[in-house]
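The next block holds one structure in the form of structure tokens; read it before the comments.
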Amino acid sequence: GTALPAYTEARLASIDLTQIQPAEYRADVVVLLLLDGDLPVRVIIVEVQLEKKERKRFTWPAYVTVSRAAHGCAADLLVVAPDPAVATWCAEPIEIGVPGFVLRPPVLRRTDIPIVTDSVEAARRPELAVLSAMAHGDTEQGATIAGAVLPAVRGLDDDRARFYCDLVYNSLNEAARRALEAMM
């Protein structure tokens, strides 16, 4: 009941699916949710996609299935794609080949990310505030967002604060950078 593509030959291949020289699969971020400190209950793979890369149509399903096998629990994929055209491409279903086995990547788009300009909210959820700066820092609200985010991240550990400050600064347009430098 499965339609096959046109082909000119059928050949038996090795039944051994072990990778002697393993392919490198490196996701941008992998979050493992644990129950009671050591029982994996969910793996969340986060991929930031800034441009269309056809190879991702093959690697994303591998990330999900390999993570599921490695941790013995369900695995999710979340693609963060700020560019609308790239986000639309990322959300297209990926047909694996087995009937019904289709990966439909959920995509976090720029429009899904709130604009955080309140310093209290930024202090309460600094990661969301940094994500807001990354998504909207190149808009006319960039300086206002950065003005709320940067004081909030200063209270974090040094490495994380420095990393977040760099992310925010590099996400701003020139006008927002000048305005931020004037505020400082």
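The values are calculated or read from the model by the stated rules, or taken from the named source; none is laboratory data. Keep in mind it's a predicted model, so treat the numbers as computed, not measured. Backbone-built Cβ (ideal geometry, glycine too); neighbour counts: all protein chains shown. Note: areas computed on protein heavy atoms with side chains; ligands, DNA, RNA excluded. Shrake-Rupley method; radii C 1.70, N 1.55, O 1.52, S 1.80 Å.
Being open to solvent by 20 Å² or more (accessible area, probe 1.4 Å) and within 21 Å of the chain's Cα centre (by Cα) is the filter here; which residues of the range 137-158 pass it?
Passing the criteria: only Asp138.
Just to be sure I understand, how many residues within the range 110-154 are in a helix (DSSP H, G or I) and acidic (Asp, Glu)? I'd like the intermediate steps shown before the answer.
Let us first name the residues in the range 110-154 that are in a helix (DSSP H, G or I), namely 110-112, 119-124, 126-136, 142-153.
Then keep just the ones that are acidic (Asp, Glu); that gives 112, 121, 127.
Going through the range 110-154 one residue at a time, the tally reaches 3.
Identify, from the list Ala175, Ala182, Ala122, the residue that is over 22 Å from Asp83 (Cα atoms), small (Gly, Ala, Ser) and open to solvent by less than 70 Å² (accessible area, probe 1.4 Å).
Numbers: Ala175 fails: over 22 Å from Asp83 (Cα atoms); Ala182 fails: open to solvent by less than 70 Å² (accessible area, probe 1.4 Å).
Matching residue, one of Ala175, Ala182, Ala122: Ala122.
Please list, ordered by residue number, the strands (runs of 3 or more DSSP E) wholly in the range 1-98 having 3 or more residues that are among the polar types (S, T, N, Q), at pLDDT 90 or above and surrounded by 15 or more Cβ atoms within 10 Å (Cβ to Cβ). Before you say what the answer is, go through the steps one by one.
On the way: elements: 29-35, 39-48, 74-81.
Answer list for the range 1-98: none.
When you check Val130 against the structure, is it touching a Phe, Trp or Tyr at 6+ places or on another chain (Cβ under 8 Å) and closer than 30 Å to Leu150 by Cβ, yes or no? Write out each step before concluding.
Working: touching a Phe, Trp or Tyr at 6+ places or on another chain (Cβ under 8 Å): yes; closer than 30 Å to Leu150 by Cβ: yes.
Against the criterion (touching a Phe, Trp or Tyr at 6+ places or on another chain (Cβ under 8 Å) and closer than 30 Å to Leu150 by Cβ), Val130 qualifies.
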